[in-house]
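The values are calculated or read from the model by the stated rules, or taken from the named source; none is laboratory data. Only a predicted model underlies this, so the values are computations on that prediction, with no experimental measurement involved. For neighbour counting, all protein chains shown are included, and Cβ atoms are generated from backbone atoms with ideal geometry for every residue, glycine included. Quick note on the areas: whole protein, heavy atoms, side chains included, nothing else; ligands and nucleic acids left out. Shrake-Rupley method; radii C 1.70, N 1.55, O 1.52, S 1.80 Å.
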Amino acid sequence: MTHTETDETGLKTTTDDTTTDGTATDETTAAETSAAAEEDRQTDSELGRHLLTARGFHWIYGTSGDPYALTLRAESDDPVALGRRIREAETPLWQSAAGAWVTGRHEVAAGILADPRLSLRHADLPGPQRHVFSDAWSNPLLCHIIPLDRAFLHAPDADHARWERAAAPVLGAAAADGHRKGAERLHQEAAERLGTSFDLMADYSRPVATEAAATLLGVPEALRDRFARACPALEVALDAALCPQPLVVTRRLTEAVEDVRDLVGGLVAARRTEPGDDLLSTVLRAGAPAEDALAVGVLTAAVGVALTSGLVNNAVEALLAHPRQWALLGEDPELAAGAVEETLRHAPPVRLESRIAAEDLTLAGQDVPAGAQVVVHVGAANRDPEVFLAPDHFDLTRPAGQGQLSLSGPHTSLFGAFARLQAETAVRTLRERHPELAPADGVQRRMRSPVLGGVLRFTLTASS
């Protein structure tokens, strides 16, 4: 099986984030500018050596049977079985050979995700979250495989909280109903274009997620193809932070980040003089600086699209794997919301949440030093039998409010309402339009995708 995307060509690589009068639209810090320049100076040999070294550690640690190291390897191992092993370890929180403290227990996981002493970045590393393996064997820091600060994925939690507040009038749960008619129109049009055999990812999930994101940002028609070309390369971002990607994929990712920064930076500059009713204008109207609007826009492309398409894919896969649940959805389309919530629990679109201890901590009886990585296996915690009845069973009528932990991360929570709305609309639309929908073969997923379990291809057949 090959795992190379073929639609990522034409990416524009640029770091020019200025308006026509020369003022910076993203107010890029000197540290970020230096980091981008350093990344550009890395030869393929240097970057490739770094990626291979990190990959080697995952393989070495995995040979001992360490379930977290095997999860990071993300090869042929069953991720659900590995999650169960992580959850059923002797202690609720334990240290993997890969260095991270890991849990799959719901109670411990919920506490970690809510603990303000744990963040996305190292407190003593103010610049880009870059770890060079100069002392690899004694201190192999595997928490930030590549620096994704330019994509705002390693920003401080306070920044993410501020962006979420500024974006709430468009992205918040209370705003979802205002987007519902547009979502229904988008999904109906996409469903009409489907033939009797189609690839759910390429022909439906990714296109609708990308188009919905472009509409949120107010991307003009002349730039929509460029935006759509960048998004597939950005899909690996959350995985790339923890799992080294092939060199060519990593290069495409960094190029796509710069291209989207340039595209969104231009939109932000335009909205500062001619605001509209889009997401970027909303953030600016909240009194936020241009850098905040840039961050929200880039995260929409880098996280919002992948999160949404992944949730759609996982929901459809789960429903089709459980015919009775698919039938129930047909009998009562209002169960679409329950189907999405159960998917978030049963097959979360983001399986791992990584944090860094800002100070020495005691968590679940374990002494965790400052700077240590702490990882929550969301998929395992969401199947904890101490919390969920028949946790391995997919049930769209499961009562809400039982505490599933999906979308609890700083950048995933920003797009929670958006992803839910699109996924609900997708399963309702596909069930109504294609009631005989069935898998033509199994789901093909990306290798090296421990965080997202990203779908490469999912061929479905529908009645004519």
Could you give me D for the chain, from Stokes-Einstein at 20 °C and 1.002 mPa s, where the hydrodynamic radius is the Kirkwood radius over C-alpha pairs? Units µm² s⁻¹, please.
95
Going by Cα centres, the stretch 102-126 and the stretch 309-324 are how many Å apart?
30
Counting only protein heavy atoms, what percent of the accessible surface of the stretch 113-239 is carbon or sulfur at a 1.4 Å probe?
54
Residues with amide H under 5 Å from that of V374, placed H, sequence gap 5 or more:
W101, R355, I356, A357
Could you give the DSSP H helices of the chain that reach 30 angstrom or more along their long axis (alpha carbon positions) and whose average Kyte-Doolittle hydropathy is no lower than 1.0?
none
Using protein chains only and a probe of 1.4 angstrom, how many square angstrom of D441 are accessible, to the nearest 10?
80
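Using alpha-carbon pairs under 8 Å, 6+ residues apart, how would you state the relative contact order of the chain in percent? Display every interim value, and only then the final one.
Working: 772 pairs, mean separation 114.8, N = 464.
For the chain, the relative contact order is 25 percent.
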Suppose all protein chains stay in the model; what accessible area per residue would a 1.4 Å probe give for the stretch 340-464, in Å²?
35
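Sorting R345, R324 by accessible area (1.4 Å probe), largest first, what list results?
If we order R345, R324 from most to least accessible, we get R324, R345.
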Where a ≥ b ≥ c are root eigenvalues of the Cα gyration tensor, a/c under 1.5 meaning rounded, otherwise prolate if a/b exceeds b/c and oblate otherwise, the stretch 157-267 counts as oblate
Subtracting the Cα-Cα distance from 0.36 nm times the residue separation, let me have the gained length for D159 to D177 in nm, one decimal.
3.8 nm
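Per residue, how much accessible area does the stretch 158-265 have with a 1.4 Å probe, in Å²?
Numbers: 4030 Å² over 108 residues.
Per residue, the stretch 158-265 has an accessible area of 37 Å².
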Relative frequency of Cα-Cα separations exceeding 18 Å in the stretch 244-389, percent:
73
Per the 1.4 Å probe, what fraction of the accessible area of the stretch 255-341, in percent, lies on carbon and sulfur atoms?
51
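With +1 assigned to the C-beta of every Lys and Arg and -1 to the C-beta of every Asp and Glu, and no other charges, what is the dipole magnitude of the chain about the Cα centre in debye, to the nearest 20? Could you put the intermediate results ahead of the total?
On the way: 43 positive and 66 negative charges, 111 e Å.
I would put it at about 540 debye.
Determine the share of the stretch 360-464's accessible area contributed by carbon and sulfur atoms, expressed in whole percent, with a 1.4 angstrom probe. Don't jump to the answer; show the numbers that get you there.
Working: 1900 of 3950 Å².
Here it works out to 48 percent.
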With DNA, RNA and ligands ignored, accessible area of F418 (1.4 Å probe; Å², nearest 10):
20
